[in-house]
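Below: the structure, in structure tokens.
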Amino acid sequence: MAEIGPLEAAGGLTAPRGLRLPRLSGQRLLVLWLPALLVTGAVVLPIFYLVIRASEAGTGTRALLLRPQTALILGNSIGLALAVTLASWLLGGGLALLTVRTDLPGRRLWAILSALPLAVPSYVGAYLLAAALGPRGLVQELLEPLVGVTRLPSIYGFPGAFLSLTLLSYPYVLLPVRAALHRMDPALEESARSLGHNGWGVLRRVTLPQLMPAMLAGGLLVALYSLRDFGAVSLLRFTTFTRAIYLQYQSAFDRSSAAALSLVLVALTVVLLALELRGRRGGDHYASTGAGGRPPALIRLGPWRWPALIVCALLVGVALVLPTVVLGYWLLRALEAGPDLTTLLLSTRNSLLASGLAAAVTVIAALPIVVLSARYPSNRSRWLDRLSHIGFALPGVVVALALVFFGLRGAPWLYQTLPMLILAYLILFLPQATGTLRPSLIQIPRQLEESGRSLGQRPLTVFRRVTLPLLRPGLLASAALVFLTTMKELQATLLLGPLGFRTLATEIWSAVSEAFFAEAAGPALVLILTCSLPMAYFVLRDQP
Amino acid sequence: MRLINQIMFFNITTGPWEACTLMDRYGRRRIFVALVITLTLITTGCGPQSGPAAGPDPQAEPQPGVGDLPGGMLTVYSGRSESLVGPILQRLTQDTGIGTGVRWGSTSELAVTLLEEGKRSPADLFFAQDPGGLGAVAHLFTPLPQEILDRVDQRFRDPNGRWVGLSGRARVVVYNTNALTEADLPTSLEGFTDPAWRGRIGWAPTNASFQTMVTAMRSVWGEDVTRAWLEAMQANEPIGYDGNTPIVAAVGAGEVEVGLVNHYYLYRFLAEEGDSFPARNYFLPDAGPGSLVMVAGIGVLESSTNKEAAFALVEYLLSADAQTYFAEQTNEYPLAAGVEPAADLTPLAELNAIDLPLTELADLEGTVTLLRETGVLP
């Protein structure tokens with residue numbers, strides 16, 4: 001960082017509108033566009049598959065699509081996605097501010113713990129939530145002797161789905177916002193203060209606008225996650241579009257109707273993407289030179305630290321401690337029966353291998369797309385970035401079937417091998433990488449790159465020596481995000497993994513689906529633990 | 001070889017990160033490198049024999065290579081879970097030398113995958129949880145030899161001889177023993193339409209077994225009576241669960257008092273929670289769709305290149321040994337003639353099960369439509 005140090009003073013607050021990097025020559029354009037187009041091509045494969053299958057649909061499908069029920073289910077999906085996104089903004093944004101910018105006691109611990117619910121698979125989290133908060137669940141059992149409650153109000157339906165999805169997906173907002181806060185130049189806030197703004201004014205007029213790209217990107221991920229989730233909504237019995245798609249496969253083995261329904265989900269995603277693009281306007285111009293700069297002054301919470309602590313404790317308690325305690329209880333019983341360590345080790349190894357590869361490949365694949373859309377903005381590059389999000393809204397089984405379809409026809413030698421599984425993960429999780437990388441890249445002032453170029457360095461050298469080091473927190477955060485979600489991915493792993501490829505997620509699913517709860521505890525705890533290690537590393541690294 | 005490539009690739013891809021850390025001033029590099037090394041060690045440490053291509057079963061002793069297995073290697077798509085049928089497939093390899101590589105999944109998703117794969121499928125056999133899944137891909141199956149089919153009663157195999165049932169499950173009512181005794185329960189499913197049962201019933205409309213039961217109702221009772229029953233049940237506001245397991249859990253917790261399920265899930269809970277688990281099965285005494293016996297079965301894919309071994313596998317699963325396994329370990333009904341179910345199960349013959357040919361249970365589409373029209377399914 002020493003060589004760019006002197007430039008920090010020159011790094012302006014915002015890049016003036018209209019200032020563009022010099023036009024790329026054809027060859028350099030190819031270096032970015034070719035990989036970007038290849039990756040996007042892979043990501044939209046499922047759409048082609050869906051169109052092919054949906055075009056075979058008969059009158060039954062039309063009737064299914066046009067019944068009033070469909071509108072209701074669509075409304076369910078949209079309502080759930082909206083509610084979960086809003087709640088995640090509050091929770092994720094609030095927690096990021098609390099753990100990065102205030103003197104909250106034990107904030108490093110909270111920072112680690114509050115990101116961990118992401119490691120809990122939704123089919124486990126929702127199950128445990130229902131077991132705890134159900135009408136006759138653990139909480140009721142505890143309350144009955146105290147206050148005589150014999151039955152809690154039902155959490156099934158919207159409340160349960162909303163609660164579990166929010167608790168499992170708010171880290172999608174938390175992580176990018178935390179990364180953005182770390183990148184932020186404290187000079188901006190100090191200037192605002194010196195101009196007479198109070199804390200709230202600074203937050204509203206300086207901090208939040210700078211966080212907008214990260215909030216929007218994270219919110220988009222949460223919305224898409226809520227649209228595609230199957231585990232939580234089916235266990236908590238809230239009929240969303242994704243559940244309706246699964247019912248088509250489950251009850252009727254009807255690929256055409258399922259494809260037609262999935263295309264509606266795709267259309268909904270496109271609307272969301274367009275909305276985010278609109279919201280993003282104006283948010284793209286904030287850049288700072290924060291890297292290696294001073295850490296900002298911490299906000300003193302004073303008496304507010306108690307409510308803040310209670311919120312943190314409640315959240316971590318429900319989203320993390322509760323599942324872990326139940327799993328620990330199951331584990332005790334599993335230990336009585338004698339644990340099967342060989343299988344556990346093997347599935348851990350497979351999970352790490354697949355998720356590590358997926359994280360590396362996905363982040364690398366995301367780079368050209370992100371650089372194009374952030375550094376060479378045009379309608380084309382923006383839509384490239386948007387298209388990369390398509391896979392994330394599709395249920396895992398749809399993406400898996402698309403690769404079954406194309407894989408067997410186009411590349412039978414790759415069928416059901418690890419590379420094909422990694423490709424499925426790439427399609428499913430690319431938006432997590434682009435969504436986290438893009439805000440980080442935007443916060444790096446272009447002037448730094450331009451200065452590098454003006455010193456006679458080739459663009460790739462500048463990228464390697466200036467951009468990449470500054471981008472590193474973003475790179476690692478996006479790799480971590482992809483890693484975590486790959487660890488718990490189930491559908492594509494089951495259908496596309498090499499034969500006998502057991503991962504922690506498949507082990508958990510296999511045990512829970514047949515009520516072998518004790519057998520699920522070991523893999524589930526290892527999963528949460530494995531995911532918490534990289535999390536702990538980031539937090540400790542970011543908060544010296 | 002593939003594994004080596006993966007490891008190399010993994011190491012190469014970490015390159016840029018390490019390059020970044022060169023810029024670092026805080027000694028973070030060491031931590032990071034250590035992390036990468038640990039990860040690499042863990043991911044490669046189990047040695048080449050446990051690579052992804054290394055074989056289906058890590059629990060067994062080191063797997064002999066394909067060439068060492070006299071019976072050859074078969075690819076099985078299994079909609080039945082590993083905890084239930086994994087052990088019997090291991091025994092198969094020990095006893096017959098036929099190795100299996102298994103893709104575990106849910107019956108419906110594997111069936112759809114088979115449909116998508118068509119003739120190109122790498123699978124030799126499909127082991128399914130329910131007749132619906134088998135029926136959906138029956139056109140991809142090859143007819144089974146008559147001597148295999150003959151081991152099983154006609155009621156429990158495909159009329160066209162393309163698949164055969166291996167084990168049976170009976171529809172039962174599971175009830176909470178703290179809230180009810182058997183005397184409180186009706187003698188047939190019709191009894192649950194009584195308004196007294198409002199809000200006390202759990203069922204699983206999305207579950208294949210439930211849907212097969214409704215198909216049986218349509219066949220036995222007729223379309224109109226079934227519709228009336230469904231509507232009357234709906235009026236009683238039953239609580240819809242995602243499957244049999246959550247229903248049994250809910251009945252045990254007292255969230256609902258009765259549940260319409262398959263019989264064998266309860267035994268898992270009794271094994272986990274002990275006999276104090278306050279739920280028991282009740283076999284409806286009146287003959288009818290409420291005591292339907294359904295099968296989990298298997299078929300051999302037409303595209304299989306090793307059909308002889310595949311037939312041998314089916315034959316093995318119908319042997320007295322394997323059938324006893326199903327009776328004792330999974331608490332299901334053995335279907336091959338001459339093997340008795342576990343002592344505490346009502347024998348098949350006394351179940352008063354309706355005598356319904358499997359062809360009558362094929363119209364799943366009509367059932368799903370009816371369930372939609374009555375609002376039972378969304």
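Read the figures in this text as sums done on the coordinates, not as results from a lab. Source: prediction; values computed, not measured. Backbone-built Cβ (ideal geometry, glycine too); neighbour counts: all protein chains shown.
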Residue-span extension gain [B:Gln329 to B:Glu231] - 0.36 nm each, minus C-alpha spacing: 31.5 nm
Cα gyration tensor category, rounded, prolate or oblate, for segment B:254-378 with a/c compared to 1.5: oblate
Orientation-averaged projected area, Cα convex hull of the protein assembly as shown (nm²): 37.8
For segment B:159-171, 3J(HN,Hα) per residue [Karplus equation, 6.51 cos²θ - 1.76 cosθ + 1.60, θ = phi - 60°, Hz, x = Gly/Pro]: x, 8, x, 8, 8, 9, x, 10, 8, x, 10, 9, 6
Net charge contributed by nearby residues that have their C-beta within less than 14 Å of B:Asp184 (K/R +1, D/E -1): -1
Antiparallel %, DSSP beta bridges [both residues in the protein assembly as shown], to 5: 65
Selection of chymotrypsin sites (Phe, Trp or Tyr not before Pro), segment A:356-439, meeting DSSP coil and at most 10 other Cβ within 10 Å: none
Order of A:Asp229, B:Asp158 - criterion: other Cβ atoms within 10 Å of each residue's Cβ, fewest first: B:Asp158, A:Asp229
C-alpha center-to-center spacing [segment B:293-328, segment A:479-517] in angstrom: 27
Exposure rule at most 14 other beta-carbon atoms within 10 Å, DSSP loop trypsin sites (Lys or Arg not before Pro): chain A longest free segment: A:301-544
Relative pair counts by distance (%), Cα atoms of chain A, 20 Å bins: 21, 55, 23, 1
Magnitude of the charge dipole, chain A, Cβ model with Lys/Arg +1 and Asp/Glu -1, debye to 20: 1540
Full-extension gain in nm, A:Leu90 to A:Val270, via 0.36 nm per residue minus C-alpha separation: 62.4 nm
Which of A:Asp385, B:Asp344, B:Asp194, B:Asp153 has the fewest Cβ neighbours within 10 Å, and the rest in rising order: B:Asp344, B:Asp194, B:Asp153, A:Asp385
Lys/Arg +1, Asp/Glu -1 at C-beta; the protein assembly as shown dipole; positive extreme among B:Gly299, B:Ser319, B:Ala287: B:Gly299
For B:Phe326, net neighbour charge (Lys/Arg +1, Asp/Glu -1) across residues whose Cβ lies under 11 Å away: -1
Debye, to nearest 20: dipole size of the protein assembly as shown, +1 on Lys, Arg Cβ, -1 on Asp, Glu Cβ: 5920
Ratio of Rg to Rh over segment B:104-173 (Cα coordinates, Kirkwood Rh, two decimals): 0.98
Anisotropy class of segment A:461-544 from Cα gyration tensor, a/c 1.5 cut: oblate
Net charge contributed by nearby residues that have their C-beta within less than 15 Å of B:Ala349 (K/R +1, D/E -1): -3
